[in-house]
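The values are calculated or read from the model by the stated rules, or taken from the named source; none is laboratory data. Just so you know, these numbers come straight off a predicted model, no measurement behind them. Here the Cβ positions follow ideal geometry from the backbone for every residue, glycine too, while neighbour counts run over all protein chains shown.
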């Protein structure tokens, strides 16, 4: 199972791993190579993800990670069930890094909803700011992040509330209708679960379990922090 995975990796990944680890990479066993390759291709790997990609016993996967850390192939972040791994020097940003000293609110703005561009020249020296709509901007993220409805411009907030109105007005909503709402709400930025809860008028746990997780699994949505899937500050956007 792992051999087929190794044989299909791209030339770019092969060259990167050879450059980082040389012959030591080729001396790893099949499971260890698969874990390192996953970290290289996806930017991170954890126990759950590795178990999805191998037929080996969960215990074997558990034992492989500390060995790879000790050998210098991986670095870890997080604790216990939230622990994830990445290649040295290639760790994905954490919510704590992104939102450190974040501005939580700004005066309400009234710019047109159609003007969705933001410029790096608008960023503060600390690497984050809010755009004309009040969306959080960080140099560590590829899109704006909506983390606080109160920070949004009135026009933009109203547009989101209008998109989400069917969920608030109808307790029983067809699954595909709800998915369409989420796709529209998450278009062009990351949207936090806390904000979704308010916009949709539904419990965060229900939104996660019934809609967000299946949509991430099916590649309709992606996570702002894939290496921290259970973070309370997680955000979602179109894949």
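Residue-wise test of (1) in contact with a helix residue (DSSP H, G or I) (Cβ under 6 Å, 6 or more places away or on another chain); (2) on the phi < 0 side of the Ramachandran plot.
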{"residue": "29", "(1), (2)": "no, yes"}
{"residue": "40", "(1), (2)": "yes, yes"}
{"residue": "43", "(1), (2)": "no, no"}
{"residue": "48", "(1), (2)": "no, yes"}
{"residue": "64", "(1), (2)": "yes, yes"}
{"residue": "70", "(1), (2)": "no, yes"}
{"residue": "78", "(1), (2)": "no, no"}
{"residue": "81", "(1), (2)": "no, yes"}
{"residue": "87", "(1), (2)": "yes, yes"}
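Would you mind stating whether residue 191 is surrounded by fewer than 22 Cβ atoms within 10 Å (Cβ to Cβ), closer than 28 Å to residue 85 by Cβ, under 12 Å from the mean Cα position of the chain (by Cα) and modelled with pLDDT of 95 or more?
No: the conditions fail for residue 191.
Within region 148-164, which residues are in contact with a strand residue (DSSP E or B) (Cβ under 9 Å, 6 or more places away or on another chain) and either closer than 20 Å to residue 215 by Cβ or not in a helix (DSSP H, G or I) (or both)?
Correct list: 148, 152, 160.
Out of all the residues in region 34-50, is one or more surrounded by 12 or more Cβ atoms within 10 Å (Cβ to Cβ), at pLDDT 95 or above, more than 25 Å from residue 232 (Cβ to Cβ) and more than 23 Å from the chain's Cα centre (by Cα)?
no
Return the residues of region 182-223 that are part of a helix (DSSP H, G or I), farther than 28 Å from residue 47 by Cα and in contact (Cβ under 8 Å) with a residue 12 or more places away in the chain; say none if nothing qualifies.
182, 183, 184, 185, 195, 196, 198, 199, 200, listed by residue number.
Yes or no: residue 88 farther than 30 Å from residue 136 by Cβ, modelled with pLDDT of 85 or more and either in contact with a strand residue (DSSP E or B) (Cβ under 7 Å, 6 or more places away or on another chain) or not in a loop (DSSP other than H, G, I, E, B) (or both)?
no
Say whether the condition of being in a loop (DSSP other than H, G, I, E, B), in contact with a strand residue (DSSP E or B) (Cβ under 7 Å, 6 or more places away or on another chain) and either surrounded by 12 or more Cβ atoms within 10 Å (Cβ to Cβ) or modelled with pLDDT of 95 or more (or both) is met by at least one residue in region 56-75.
Yes, region 56-75 contains a residue that is in a loop (DSSP other than H, G, I, E, B), in contact with a strand residue (DSSP E or B) (Cβ under 7 Å, 6 or more places away or on another chain) and either surrounded by 12 or more Cβ atoms within 10 Å (Cβ to Cβ) or modelled with pLDDT of 95 or more (or both).
Scan region 138-145 and tell me whether some residue there is touching a strand residue (DSSP E or B) at 6+ places or on another chain (Cβ under 8 Å), under 20 Å from residue 224 (Cβ atoms), in a strand (DSSP E or B) and at pLDDT 95 or above.
yes
Here's the yes/no breakdown for (1) in contact (Cβ under 8 Å) with a residue 12 or more places away in the chain; (2) in a helix (DSSP H, G or I); (3) surrounded by 15 or more Cβ atoms within 10 Å (Cβ to Cβ); (4) out of contact with any helix residue (DSSP H, G or I) (no Cβ under 9 Å at 6 or more places or on another chain):
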{"residue": "166", "(1), (2), (3), (4)": "yes, yes, yes, no"}
{"residue": "177", "(1), (2), (3), (4)": "no, yes, no, no"}
{"residue": "225", "(1), (2), (3), (4)": "yes, no, yes, no"}
{"residue": "233", "(1), (2), (3), (4)": "yes, no, yes, no"}
{"residue": "236", "(1), (2), (3), (4)": "yes, no, yes, no"}
